[in-house]
1. Go ahead and set up a Gaussian network model of the chain, Cα springs under 10 Å, then flag whichever of V188, V73, V143 fluctuates most.
2. Ranked from the most accessible area to the least, with a 1.4 Å probe and all protein chains present, what is the order of T212, T201?
3. Taking 8 Å as the Cα distance limit and 6 or more residues as the minimum spacing, I'd like the relative contact order of the chain as a percentage.
4. Keeping every protein chain present and rolling a 1.4 Å probe, give me the accessible area per residue for region 77-197 in Å².
5. I need the peptides 59-66, 125-132, 227-234 ranked by packing, meaning the mean over residues of other C-beta atoms within 10 angstrom, with the highest value on top.
6. For region 111-153, give the magnitude of the charge dipole about the Cα centre (Cβ charges: +1 Lys/Arg, -1 Asp/Glu; no others), in debye to the nearest 20.
7. Given H placed on each backbone N at 1.01 Å, which residues far from V178 in sequence or on other chains put an amide H within less than 5 Å of it?
8. Which value, in Å² rounded to 10, gives the accessible area of E148 with a 1.4 Å probe and all protein chains present?
Amino acid sequence: MLSRLVSIILLFISFLHIVIASKPLAALCKTVDKSNSGDQFENNLIQLMFLLAIKAPKIGFEIASVGSGQAKVNGLALCRGDIASEWCLRCLNKAIFHLQSDCQYNKDAIIWFDNCLLRYSNKEFFGEIDHNHTMLMRDKSNVVNPIEFDHKVIELMNKLINKAYISPLLFATGEMEVQRVGRLYGLVQCTKDLSGGECKTCLKSAISQILTCCGGKRGGRVLGGSCNVRYELYQFFDY
Ligand SMILES: *[C@@H]1O[C@H](CO)[C@@H](O)[C@H](O)[C@H]1NC(C)=O
């Protein structure tokens, strides 16, 4: 009980360190629905956010539900696999701050940062591949040899998928040399409520979108509610 209290106090202190300027990569808050059970839903949502922020940093992942009936809210927090718990907590605090200011009263929302993702819904979604939330991001500049480069991107991503889906974190990073362009760095990750097989399916589907999104571009990401992939021509992760 005491440690819980200390955690909550620490959480509030770290709220003070939030840099308002640090914007999310993207956020989706779909159904603005202020109807029925609004107050109770909001109270449950706030409780859920605190619960996730306290518990998730330990292993970089947590799912939890608060409340019942119409007011029940289900949530998921995921930090990038190479992030220390202190940074995980900071990222989740930012995510909570932005979700509460940008997606107020919403029954379903998701937000992505470089280091974490936070998602909640009044619907149950644990253990299912999310097809409802996807965001694509790409670098503006092109490589000189797009066909060869895209080939390498897919090759690296497939390698990483094969590593990630059998790893306990459902996470993998790696790199590869691409002639005339430089070193290519990649990252793939799934939320840990998925099985290895579902993780693989989710990542395969993300990779299939990466060329549509980012073909020939120096960097790209597919952000989802259950998995995400990213490649860049600079190292953006720690081993
Ligand atoms: C995903 O979207 C569909 C169609 O809008 C909806 O019926 C379904 O409940 C959603 N799933 C989740 C888990 O939110």
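1. So, out of V188, V73, V143, the one fluctuating most is V143.
2. Descending accessible area places them as T212, T201.
3. Details: 463 pairs, mean separation 43.2, N = 239.
Across the chain, relative contact order equals 18 percent.
4. Ligands and nucleic acids excluded, the figure is 46 Å² per residue.
5. Working: 59-66: 19.2, 125-132: 14.9, 227-234: 21.9.
Descending packing order for the listed peptides: 227-234, 59-66, 125-132.
6. With Lys and Arg at +1 and Asp and Glu at -1, about 120 debye.
7. For V178, whose amide H was placed from the backbone, the distant partners under 5 Å are R183, L184.
8. Solvent-accessible area, nearest 10 Å²: 70 Å².
The values are calculated or read from the model by the stated rules, or taken from the named source; none is laboratory data. Predicted, not measured: the structure shown is a model, and the values here were computed from it. Neighbour counts run over all protein chains shown; Cβ positions are idealised from the backbone, glycine included. Surface areas here come from the heavy atoms of the whole protein model, side chains and all, with no ligands, DNA or RNA. Shrake-Rupley method; radii C 1.70, N 1.55, O 1.52, S 1.80 Å.
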